[in-house]
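Student: First the structure, then my questions, so here it is.
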Amino acid sequence: MDNGGENFALKKRHSSVQSAASSEASPMDNKKLVDVLLSDGDDGDYILSPSKLLAQHHTRTAAAAREKANSSAPSKPSESKQGSDSLDMSSVIPPTEQILNIDQTLEWRGFVTSIFLVYRMTNAQSYIPFSSLSSPYSNYGDDDGGNYDDEEEEHYLNRYYNVSRLGSTILLFLTGFGHTTYFYRTRDYSFTRVLRVLIRINLTAVILCLTLGNPYLLYNICPLHSLSFLMIYFTMKYKSYWNYSIYGLRWKLMGLACIIFLLWDVDLGLFRLIHTPFLSTVVPSRGEASIAAPYGQMWEWYYRTHVQHWSAFIGMVYAVNYPITSVSLRKMDAFDNIRGNNVIYFGKISKAIIAVGLISATYVWATGPLRSPRFSYNAAHPYFGFLPVLTYVFLRNITPSMRAHHLGLFRYLGSHSLEIYLLHHHIFLSRDGTTMVTIFAGYPSCNALL
């Protein structure tokens with residue numbers, strides 16, 4: 001069956017599900033409803049096994065790819081998506097009800113951006129617990145009233161700083177998820193696409209660097225996202241036909257994981273070797289240190305990338321397993337409408353078990369690594385920071401109603417999150433983001449509102 005026929009069948013099946021679920025059903029009707037919900041060629045199981053679902057998904061995708069390659073006629077509108085119907089659920093359910101739909105991701109970005117502005121404008125990164133003031137390190141700060149030294153910093157617990165690392169993790173996770181999904185659906189690996197994304201990320205930052213004389217590393221989110229995008233691009237483009245086999249893309253992800261591990265987790269000198277042509281290895285003296293790189297460009301870039309070096313990769317892994325996640329969650333939703341004794345509350349119980357597992361993992365992170373001092377937390381964050389991210393994704397999409405709604409204000413802020421981040425250094429704050437703009441002395445709340 002071609003894509004148009006398959007989409008028609010999917011729509012017909014979805015309409016059958018809706019009509020069956022909307023009426024009072026007898027036990028025999030419930031059995032028919034189960035057959036409709038799970039008519040994926042299974043052998044009577046209520047939920048397809050992940051391996052079987054994955055095999056069916058790649059079989060359909062490979063067949064569609066072969067048909068498109070062998071066809072010389074112009075594609076019909078229904079065949080122009082070039083991607084998998086399992087990843088593109090718009091033919092079955094509205095886009096606004098999909099997991100991590102565009103409204104939801106922009107809302108998430110806007111929420112993170114708002115929290116980040118509050119964090120910076122309240123100078124929460126310099127917070128020191130009152131109980132620490134009586135410690136041997138309480139005489140903190142340099143002679144000019146700057147930040148405290150590394151030895152002092154190691155002994156203070158600042159949960160605000162630790163939680164702020166989670167904001168960059170969320171944004172890079174969404175970068176990994178979004179670009180991987182895009183390349184998988186469209187197969188657009190053109191140079192035009194690469195230029196468009198890199199210019200979108202870096203144009204404003206480059207203009208600020210040229211006009212104000214600031215170093216590029218001051219706007220560290222731009223090189224981080226550029227590096228993540230290029231990592232995703234080359235991974236997806238290399239032997240791109242592997243992306244549509246059952247295990248091909250997963251083998252490529254395993255190779256990428258080995259590269260990330262060798263660069264950041266093993267001290268072989270590869271990171272310094274690769275970046276020496278681009279970054280200075282000179283450590284500036286105390287009086288010559290810049291705000292963007294107080295310990296030198298090489299160390300600053302290593303610090304920024306090490307804290308987040310698994311974030312985009314986790315987003316890629318989630319995107320690759322998106323078909324299984326989406327189908328499984330929607331089937332659990334469907335079970336809630338079945339009144340048969342064999343499946344009563346099956347969907348709710350399944351969701352509750354998953355939610356308890358994820359919340360427990362997040363609790364371990366909150367009571368363990370999150371309560372570590374700054375340097376210790378930076379070392380642990382790459383391996384634990386994704387736990388609250390995955391927990392939020394599941395809880396945010398746990399019901400169709402939650403997937404279909406979003407907060408308009410945060411969505412608007414999320415659509416301009418990059419510009420807000422770049423300009424907050426010079427509009428909301430002063431001295432390249434190190435001090436508050438003071439219009440009315442002695443009224444910090446008024447200054448913040450203005």
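Student: T367 versus F278, label points 7 Å from Cα toward the beta carbon: distance in nm?
Tutor: Distance between the two pseudo-spin positions: 4.2 nm.
Student: Now, a different point. Under a plain spin-label model, where a point goes 7 Å from the Cα along Cα-to-Cβ, how far apart in nm are A257 and F191?
Tutor: Between A257 and F191, the label points sit 3.5 nm apart.
Student: Let me ask you something else. Grab the Cα-Cα distance for A124 and H405, subtract it from 0.36 nm times how many residues apart they are, and report the gain in nm with one decimal.
Tutor: Taking 0.36 nm per residue and subtracting the Cα distance, the gain is 98.0 nm.
Student: Using only Cα atoms, locate the centre of region 206-226 and the centre of region 248-276, then give the distance between them in Å, rounded to an integer.
Tutor: So the two Cα centres are separated by 25 Å.
Student: Right, something else. Would you mind working out the accessible area per residue for region 202-332, using a 1.4 Å probe, and quoting it in Å²?
Tutor: Counting only protein heavy atoms, the per-residue value for region 202-332 is 50 Å².
Student: Same structure, new question: Accessible surface of C209 in the full protein assembly, 1.4 angstrom probe, to the nearest 10 Å²?
Tutor: Counting only protein heavy atoms, the figure is 20 Å².
Student: Classify region 172-316 as rounded, prolate or oblate, taking a ≥ b ≥ c as the square roots of the eigenvalues of its Cα gyration tensor: rounded when a/c is under 1.5, otherwise prolate if a/b is larger than b/c and oblate if not.
Tutor: Taking the square roots of the gyration eigenvalues as a ≥ b ≥ c, region 172-316 is oblate.
Student: Turning to a different aspect of this structure: Using a 1.4 Å probe and ignoring any ligands, DNA or RNA, find the accessible area of F111 and quote it in Å² to the nearest 10.
Tutor: Accessible surface of F111 is approximately 100 Å².
Student: Let me ask you something else. Enter the accessible area of D265 (Å², nearest 10), with the probe set to 1.4 Å and all protein chains included.
Tutor: Result for D265: roughly 40 Å² accessible.
The values are calculated or read from the model by the stated rules, or taken from the named source; none is laboratory data. Here the structure is a predicted model, which means the values were calculated and not measured. In this analysis, Cβ positions are derived from the backbone assuming ideal geometry, glycine residues included, and neighbour counts consider all displayed protein chains. The area values use the complete protein model at the heavy-atom level, side chains included, leaving out ligands, DNA and RNA. Shrake-Rupley method; radii C 1.70, N 1.55, O 1.52, S 1.80 Å.
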